[in-house]
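Undergrad: Let me begin by handing over the structure; questions about it come next.
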Amino acid sequence: MKLFMVAGEKSGDKQGALLIRELLSRRPDIEIVGLGGSEMHQLAPGVEDWAEQAGVVGIVDVLRHIGYFARHLKAMTERIVAEQPEGLVLIDYPGFNQRLAERVHKLCPKTKIAYFIAPMVWAWHKDRIPKLAAILDLMLCTFPFEKPLFEAAGLRTEFVGHPLVDDILAKRREGVREKNLIGLFPGSRRREVERHFPIFLELVKACRTRHPEWKFRTSGSNPRLTETMRRQAAAAGVAEDEVNITPGLYHDLMDEAEAALVTSGTATLESALHEMPFGLVYRVNPFTYMVGRLLVNIKWLGMVNILIDRTITTELIQGDFTVDKCIAELERLTTPEPRAQVLADMKESMSLLGHGGAAAKAAEAILSLF
């Protein structure tokens, strides 16, 4: 039995690895190939690690790399047509994966197509829901409000919960929270770090006088990004003892920091599951932001807020992402009464993600297709 799996960035690679582990525990004979990241490749060597190159953000970056994605889309389609696998499992990454699903549905009608971590079409392209229903065999949702939307279009849909629940529970450490330790999370992609980390460094410099009691720590998602961040700090005149930069320890930091600033994305859910109060920050190319505002019809960017339909975490986006506003939010999150309220609201929001076992439930649902 052969399954093709496709994920396109670090967060998808992590969820893909959890899914691969569950699939192989049930069917060790499955051959798993495709595109993903280092974690998926480690478990299934037939999965090519392309996550670093594939993890671009925004319309402008995608347009710059359009040839790269077109070549991979063509090559992956041709390979699936030639090998006729029993299944194709798509993990998040909607821009690429939806196009691949359309081609495979048309050219390989016998190949079952499952989508794990539903694309957020409810946020800006609800008209795509019927189109997805026409080309997919199974949708695996990680947020409870998604299930009725896809089922209404006639697509077999399962709410499996969010795989991060298991992942974070396995990593959590209790009793290690440090007073006055501030976590800085600029993102896991190079372009995110290039946009966000310089503002964080200006914040560190401003706090030399405004909050000398605060200690700052951050973590690069890989050694290369860690070195990029160290070079940025040196160029900004920020000494090593003013902001501790280490690779790959961001889960530890989420358990230890009193409060943090976190770039929008999977890290915000991880922070909430670690019960670390944070402010959400994000900045993209102005053109990308302008187009996004025209298309997106949701109130919030952060899923912590979306799940509970009210503001829990402050969102500092584009022009609001300033040093002064970041400091004000950190001051709020380190003040006992508002901090306690944020923590209580985050727990309420995270309770809607299910109670664990998402990857196992997803694996069972995928295998039931065959």
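Undergrad: Under 5 Å between amide H atoms, partner at least 5 residues away or on a different chain: which partners does L35 have, H built in plane at 1.01 Å?
TA: Placed amide hydrogens put M5, V6, A7, E48 under 5 Å from L35.
Undergrad: Report, to the nearest 10°, how far helix 94-107 tilts away from the longest principal axis of the Cα atoms in the chain, using its own Cα long axis and a range of 0 to 90°.
TA: That works out to roughly 0 degrees.
Undergrad: Once you've got the Cα coordinates, tell me which of K131/K347; K171/K347; K10/K299; K179/K205; K112/K299; K147/K299 are over 28 Å apart.
TA: Those over the limit are K131/K347; K112/K299.
Undergrad: Another one. Just name one of A75, P247, L181: the one whose Cα is farthest towards the positive end of the charge dipole of the chain (beta-carbon charges, Lys/Arg +1, Asp/Glu -1).
TA: A75
Undergrad: Run the simple label-point estimate for L343 and A328 please: 7 Å along Cα→C-beta, distance reported in nm.
TA: So the label points at L343 and A328 sit 2.5 nm apart.
Undergrad: Using a Förster distance of 51 Å, how high is the FRET efficiency between Q318 and Q84, based on the Cβ-Cβ distance and rounded to 0.05?
TA: With a Förster radius of 51 Å, E is 0.65.
Undergrad: So, one more: Go through the range 312-318 residue by residue and turn each phi into a ³J(HN,Hα) via Karplus (6.51, -1.76, 1.60, θ = phi - 60°); whole Hz please, and just put x for glycine and proline.
TA: 10, 9, 5, 10, 9, 10, 6
Undergrad: Starting at the first residue of the range 268-273, write each ³J(HN,Hα) from the Karplus equation 6.51 cos²θ - 1.76 cosθ + 1.60 with θ = phi - 60°, in whole Hz, x for Gly and Pro.
TA: 6, 5, 4, 4, 5, 5
Undergrad: Report the local net charge at R177: Lys and Arg +1, Asp and Glu -1, summed over other residues whose C-beta lies under 14 Å from its C-beta.
TA: Counting the neighbours of R177, the net charge comes to -1.
Undergrad: Taking the Cα of A239, stepping 7 Å toward and past its beta carbon, and measuring to each backbone N in the range 245-261: which are under 14 Å?
TA: Zone members listed by number: none at all.
Undergrad: In degrees from 0 to 90, rounded to the nearest 10, what is the angle of the helix 336-350 Cα long axis to the longest principal axis of the chain?
TA: Computed tilt is about 0 degrees.
Undergrad: Helix 10-26: angle to the longest alpha-carbon principal axis of the chain, degrees 0 to 90, nearest 10?
TA: 50 degrees
Undergrad: Leaving out ligands, DNA and RNA, and with a 1.4 Å probe, what % of the accessible surface on the chain is carbon or sulfur?
TA: Roughly 55 percent, rounded to a whole number.
Undergrad: What is the sum of charges, Lys and Arg at +1 and Asp and Glu at -1, for the other residues whose Cβ falls under 13 Å from the Cβ of C141?
TA: -1
Undergrad: Taking N as the number of residues in the chain, what is its Cα Rg relative to 2.2 N^0.38 Å?
TA: Taking N as the residue count of the chain, the ratio is 1.00.
Undergrad: In whole Å, what is the distance between the alpha-carbon centres of the range 73-90 and the range 259-333?
TA: So the two Cα centres are separated by 37 Å.
Undergrad: Ranked from highest to lowest mean number of other Cβ atoms within 10 Å per residue, what is the order of the peptides 318-327, 114-123? Please report the intermediate quantities before stating the final value.
TA: Details: 318-327: 15.4, 114-123: 21.9.
My ranking of the peptides, most packed first, is 114-123, 318-327.
Undergrad: Also, I was wondering about something else. Given the options E86, E102, E213, which has the most mean-square fluctuation in a GNM of the chain, springs set between C-alpha atoms less than 10 angstrom apart?
TA: So, out of E86, E102, E213, the one fluctuating most is E213.
Undergrad: What list of ³J(HN,Hα) values in whole Hz, one per residue of the range 286-291 in order, does the Karplus curve 6.51 cos²θ - 1.76 cosθ + 1.60 (θ = phi - 60°) give from phi, with Gly and Pro shown as x?
TA: Using θ = phi - 60°, the values come out as x, 5, 4, 5, 4, 5 Hz.
Undergrad: Before I look further, what does the chain give for accessible area per residue, probe 1.4 Å, in whole square angstrom?
TA: Ligands and nucleic acids excluded, the result is 43 Å² per residue.
Undergrad: Let me ask something else about it. Report the full-extension gain for the segment M120 to R71: residue separation times 0.36 nm, less the Cα-Cα distance, to one decimal in nm.
TA: Difference between extended and current length: 15.1 nm.
The values are calculated or read from the model by the stated rules, or taken from the named source; none is laboratory data. Worth saying up front: this structure is predicted, and the values here are computed from it rather than measured. Glycine also receives a Cβ, built like all others from the backbone with ideal geometry; neighbour counts cover every protein chain displayed. In case anyone asks, the SASA skips ligands and DNA or RNA and just uses the protein heavy atoms, side chains included. Shrake-Rupley method; radii C 1.70, N 1.55, O 1.52, S 1.80 Å.
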